[in-house]
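Single-structure report; data block below.
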Amino acid sequence: MPYFVYMILAKHKNKNISYVGYTGNLEKRLTLHNNSKGAKFTKGKIWKVIYKKKYLTKSCAMKDEYKLKKDYKLRKNIKINFLKK
């Protein structure tokens with residue numbers, strides 16, 4: 001079963017905020033976030049997927065999710081590249 005590391009973006013109080021996670025079903029997970037049934041941080045906002053990467057194992061996905069969560073420069077670059085489109 002493939003796993004995905006993803007980054008989602010929402011507008012909140014005139015700011016773009018992001019959230020990073022991993023999942024085995026990206027479409028279902030995004031639906032949960034947008035219906036306020038995902039992580040507590042994501043409740044009440046409309047999210048868009050701006051980054052996703054596929055992994056063959058859960059452990060690889062979890063390791064890279066942790067790295068992306070801590071790498072604020074990379075997260076900022078992903079946001080900037082998405083917003084340029």
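Here, each number is a calculation from the coordinates, and none is a lab measurement. These numbers come from a predicted model, not from an experiment. Quick reminder, even Gly has a Cβ in these numbers, built from the backbone with ideal geometry, and neighbours come from all protein chains shown.
Quick look at the numbers
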quantity: Residues located in region 26-85, provided they are in a helix (DSSP H, G or I) and among the β-branched types (V, I, T); calculated: T31, T42, I78, I80
quantity: Hey, K73 closer than 20 Å to M1 by Cβ and loosely packed, with under 15 Cβ neighbours inside 10 Å or not; calculated: no
quantity: Residue ID - nearest to the chain's Cα centre (by Cα), chosen from residues in region 27-54 that are among the aliphatic types (A, V, I, L, M) and over 21 Å from N77 (Cβ atoms); calculated: L30
